[in-house]
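Colleague: Sharing a structure with you now.
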Ligand code: NAI
């Protein structure tokens with residue numbers, strides 16, 4: 001189904017954690033024969049109240065495993081999407097390794113400063129959340145599009161259900177993800193002439209560390225348990241289960257492939273029916 005992907009080169013941001021959606025995406029693309037850049041924060045705080053995550057040794061190990069399993073090239077690269085210097089360094093490495101990029105997936109995302117209503121939200125946490133989730137997509141896209149323009153490409157931005165349905169006390173994340181959806185549409189219009197399609201995916205709840213962290217936070221606030229929070233969440237999902245990283249990755253591979261050749265500027269829900277729109 002995705003045979004046209006073989007031999008292409010992809011960059012996926014926030015893809016250095018084995019349990020995350022980003023790694024699921026690089027793994028799926030590698031399985032389709034794509035050479036991949038695994039780009040992620042190294043040794044920094046990835047989320048509010050999280051221990052420092054990702055180290056280069058682990059990312060190198062993930063890359064080597066993919067090379068062995070799928071006979072492709074996989075390169076681990078340190079990347080902080082909030083720092084222009086880090087992006088420039090990463091682009092130099094991409095150019096050195098692959099020359100050009102066919103597929104960019106802006107997946108890096110995070111949350112700081114929750115739970116808080118707008119009037120109690122810490123300003124630095126608000127700015128940082130929007131900087132990673134929204135401005136990070138702008139910065140990385142701006143840097144990578146020049147590596148695509150010769151013969152086109154695909155950009156897939158990972159937004160969220162929160163872009164479309166306002167969550168409680170998580171305003172910066174929701175506003176940033178809504179911004180990602182509009183940025184997707186703006187880029188799709190601007191880049192169509194250059195043969196670059198741009199789409200977003202809007203996951204509902206996908207089982208990752210992020211989800212575990214979220215259920216724990218909710219349980220602490222509501223004096224409940226993680227199991228109770230998950231059970232409550234499942235009631236709102238018609239399919240009655242959380243999504244998997246592999247399911248999110250399948251959608252990204254579809255949007256990166258010629259199978260979706262007439263689709264651009266869309267924000268596609270993947271939520272087990274939790275989000276339905278006309
Ligand atoms: P995760 O926390 O496992 O992965 C996020 C990745 O982004 C991490 O590898 C982290 O190191 C990276 N990251 C954070 N700040 C960064 C920065 N400044 N520069 C570069 N990388 C950075 O979470 P998960 O669940 O895999 O999320 C992936 C994407 O999917 C995120 O954009 C998230 O907002 C989105 N999403 C996830 C949902 C879920 O239910 N898991 C639901 C809706 C959206």
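Colleague: Inspect region 194-207 for any residue being without any contact (Cβ under 8 Å) to a residue 40 or more places away in the chain, closer than 23 Å to residue 19 by Cα and within 12 Å of the ligand (Cβ to nearest atom) and give the result as yes or no.
Modeller: yes
Colleague: Still on this model: Going through 250, 223, 212 one at a time, which residue ends up being in contact with a helix residue (DSSP H, G or I) (Cβ under 9 Å, 6 or more places away or on another chain) and exposed (fewer than 14 other Cβ atoms within 10 Å of the Cβ)?
Modeller: Of the residues listed, the single one that is in contact with a helix residue (DSSP H, G or I) (Cβ under 9 Å, 6 or more places away or on another chain) and exposed (fewer than 14 other Cβ atoms within 10 Å of the Cβ) is 212.
Colleague: Would a scan of region 157-164 turn up a residue that is within 16 Å of the ligand (Cβ to nearest atom), touching a helix residue (DSSP H, G or I) at 6+ places or on another chain (Cβ under 6 Å) and more than 25 Å from residue 122 (Cβ to Cβ)?
Modeller: yes
Colleague: Is one or more of the residues making up region 175-182 modelled with pLDDT under 95 and either touching a helix residue (DSSP H, G or I) at 6+ places or on another chain (Cβ under 8 Å) or assigned to a helix (DSSP H, G or I) (or both)?
Modeller: Checked against the condition, which is being modelled with pLDDT under 95 and either touching a helix residue (DSSP H, G or I) at 6+ places or on another chain (Cβ under 8 Å) or assigned to a helix (DSSP H, G or I) (or both), region 175-182 yields no hits at all.
Colleague: If we scan region 243-258, do we find a residue that is at pLDDT 95 or above, assigned to a loop (DSSP other than H, G, I, E, B) and away from the ligand (no atom under 16 Å from the Cβ)?
Modeller: Checking region 243-258: at least one residue is at pLDDT 95 or above, assigned to a loop (DSSP other than H, G, I, E, B) and away from the ligand (no atom under 16 Å from the Cβ).
Colleague: When the residues of region 117-131 are filtered to those that are within 13 Å of residue 48 (Cα to Cα) and free of Cβ contacts under 8 Å to residues at least 60 places away in the same chain, which remaining residue is farthest from the ligand (Cβ to nearest atom)?
Modeller: Filtering first and then ranking leaves 122.
Colleague: Among the residues of region 4-19, is there at least one that is surrounded by fewer than 21 Cβ atoms within 10 Å (Cβ to Cβ), in contact (Cβ under 8 Å) with a residue 60 or more places away in the chain and away from the ligand (no atom under 16 Å from the Cβ)?
Modeller: Yes, region 4-19 contains a residue that is surrounded by fewer than 21 Cβ atoms within 10 Å (Cβ to Cβ), in contact (Cβ under 8 Å) with a residue 60 or more places away in the chain and away from the ligand (no atom under 16 Å from the Cβ).
Colleague: Shifting gears a bit: Does region 61-88 hold any residues that are within 15 Å of the ligand (Cβ to nearest atom) and in contact (Cβ under 8 Å) with a residue 12 or more places away in the chain, and which are they?
Modeller: Those that are within 15 Å of the ligand (Cβ to nearest atom) and in contact (Cβ under 8 Å) with a residue 12 or more places away in the chain: 62, 63, 76, 77, 78, 79, 80, 81, 82, 84, 87, 88.
Colleague: Here is a list: 277, 218, 230. Which entry is at pLDDT 95 or above and over 29 Å from residue 5 (Cα atoms)?
Modeller: None of the other options fit; the residue is 230.
Colleague: When region 257-270 is examined, which residues are found to be within 13 Å of residue 158 (Cα to Cα) and either surrounded by 20 or more Cβ atoms within 10 Å (Cβ to Cβ) or under 15 Å from the mean Cα position of the chain (by Cα) (or both)?
Modeller: 267, 268, 269, 270
Colleague: Still on this structure: Filter region 183-193 down to the residues that are within 16 Å of the ligand (Cβ to nearest atom) and over 15 Å from the mean Cα position of the chain (by Cα) and list them by number.
Modeller: Answer for region 183-193, where residues must be within 16 Å of the ligand (Cβ to nearest atom) and over 15 Å from the mean Cα position of the chain (by Cα): there is none.
Colleague: Determine if region 217-238 includes at least one residue that is in contact (Cβ under 8 Å) with a residue 40 or more places away in the chain, assigned to a helix (DSSP H, G or I) and within 12 Å of the ligand (Cβ to nearest atom).
Modeller: Scanning region 217-238 turns up no residue that is in contact (Cβ under 8 Å) with a residue 40 or more places away in the chain, assigned to a helix (DSSP H, G or I) and within 12 Å of the ligand (Cβ to nearest atom).
The values are calculated or read from the model by the stated rules, or taken from the named source; none is laboratory data. None of these values were measured; they are calculated from a predicted model. Positions of Cβ are backbone-derived with ideal geometry, glycine not excepted, and every protein chain shown enters the neighbour counts.
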